[in-house]
Ligand code: GLU
């Protein structure tokens with residue numbers, strides 16, 4: 001079976017335990033199915049980028065014995081591809097300019113599963129599509145349905161639950177949703193294993209895939225590692241930078257977190273073959289409903 005998986009960190013700081021969990025799960029799932037594992041650095045948001053962190057992420061993965069296939073892809077080198085995709089969406093008449101400020105949206109919109117639900121105020125206002133305005137994609141009230149390998153059946157109506165979403169920000173930066181759909185397609189990704197913080201983004205990516213006539217990958221969203229107060233770990237807030245001095249312990253903690261059997265090993269080279277053999281994505285479902293907080 002053809003399997004192309006990937007890990008796609010943003011270079012906003014050192015890897016934290018949650019990103020090690022995502023790296024490990026995507027790596028194990030790919031290798032368990034004799035697939036390729038690709039590495040992409042999602043470095044579009046230059047304002048959030050931390051200099052040196054892309055190189056640091058690569059070094060950490062190597063240190064942990066997670067070896068990727070093919071050349072590392074950097075989103076910053078794909079701007080032309082995003083521009084082409086945007087032009088295609090413009091040609092089918094689904095893109096419009098928007099000059100609503102966050103403050104204005106907060107005043108008029110209702111809160112949804114992910115921030116405010118954009119009510120489409122600028123849809124028919126004919127706002128110019130210059131770079132000083134954001135560009136939004138018109139959505140519709142159809143349900144997007146998919147079967148997540150871990151979270152199960154997911155249904156979302158993008159228009160009523162998220163609203164028309166941004167493709168290119170007012171500062172000219174392409175939005176994550178557009179870039180990820182384009183790159184997953186460009187890299188021939190067939191399987192995506194990533195954190196559940198992106199579960200609600202998946203219907204938007206599938207909508208873009210449909211409009212751009214791309215295949216849908218198969219999705220699996222992992223339980224999230226959170227701080228003790230339930231908030232999300234984030235690389236940019238320097239939460240839990242991962243302990244690289246003892247990779248075997250860290251990798252075993254990640255295996256345990258995902259409901260997998262731990263692997264006693266003297267070296268990472270010794271750990272991986274057994275971890276790959278034993279990988280059971282079904283066991284991740286078992287930990288899904290537990291409190292996913294990691295307290296050291
Ligand atoms: N770059 C995203 C992040 O670090 C993940 C992208 C993805 O897996 O789709 O949160």
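Of all residues in region 1-18, those satisfying the criterion of being more than 14 Å from the chain's Cα centre (by Cα) and modelled with pLDDT of 95 or more are 3, 4. Meeting the requirement of 3 or more residues that are in contact (Cβ under 8 Å) with a residue 24 or more places away in the chain, the helices (runs of 4 or more DSSP H) wholly within region 33-116 are 53-63, 79-91.
Does at least one position in region 125-133 carry a residue that is at pLDDT 95 or above and either closer than 22 Å to residue 211 by Cβ or under 21 Å from the mean Cα position of the chain (by Cα) (or both)? Within region 125-133, none of the residues are at pLDDT 95 or above and either closer than 22 Å to residue 211 by Cβ or under 21 Å from the mean Cα position of the chain (by Cα) (or both).
Filtering region 187-211 to residues that are more than 8 Å from the ligand (Cβ to nearest atom), in contact with a helix residue (DSSP H, G or I) (Cβ under 6 Å, 6 or more places away or on another chain) and farther than 19 Å from residue 139 by Cα leaves only 193.
Screening the candidates 72, 21 for the property of being within 14 Å of the ligand (Cβ to nearest atom) and under 16 Å from the mean Cα position of the chain (by Cα) yields one hit, 21. Does residue 55 fit the bill of being more than 14 Å from the ligand (Cβ to nearest atom) and within 29 Å of residue 120 (Cα to Cα)? In short, no. Go through the residues of region 223-236 one by one and say whether even a single one is outside any helix (DSSP H, G or I), more than 12 Å from the ligand (Cβ to nearest atom), out of contact with any strand residue (DSSP E or B) (no Cβ under 8 Å at 6 or more places or on another chain) and under 19 Å from residue 137 (Cα atoms). Checked region 223-236: no residue is outside any helix (DSSP H, G or I), more than 12 Å from the ligand (Cβ to nearest atom), out of contact with any strand residue (DSSP E or B) (no Cβ under 8 Å at 6 or more places or on another chain) and under 19 Å from residue 137 (Cα atoms).
All of (1) surrounded by 15 or more Cβ atoms within 10 Å (Cβ to Cβ); (2) under 19 Å from residue 205 (Cβ atoms); (3) over 18 Å from the mean Cα position of the chain (by Cα) hold for residue 56 with one exception: (2). Just give me the residues in region 197-231 being surrounded by fewer than 17 Cβ atoms within 10 Å (Cβ to Cβ) and either within 12 Å of the chain's Cα centre (by Cα) or without any contact (Cβ under 8 Å) to a residue 12 or more places away in the chain (or both), in sequence order. Residues satisfying the conditions are 210, 213, 229, 231. Can you find a residue that is surrounded by 17 or more Cβ atoms within 10 Å (Cβ to Cβ) and at positive phi anywhere in region 255-264? Scanning region 255-264 turns up at least one residue that is surrounded by 17 or more Cβ atoms within 10 Å (Cβ to Cβ) and at positive phi.
The values are calculated or read from the model by the stated rules, or taken from the named source; none is laboratory data. The structure displayed is predicted, hence computed values, not measured ones. Quick reminder, even Gly has a Cβ in these numbers, built from the backbone with ideal geometry, and neighbours come from all protein chains shown.
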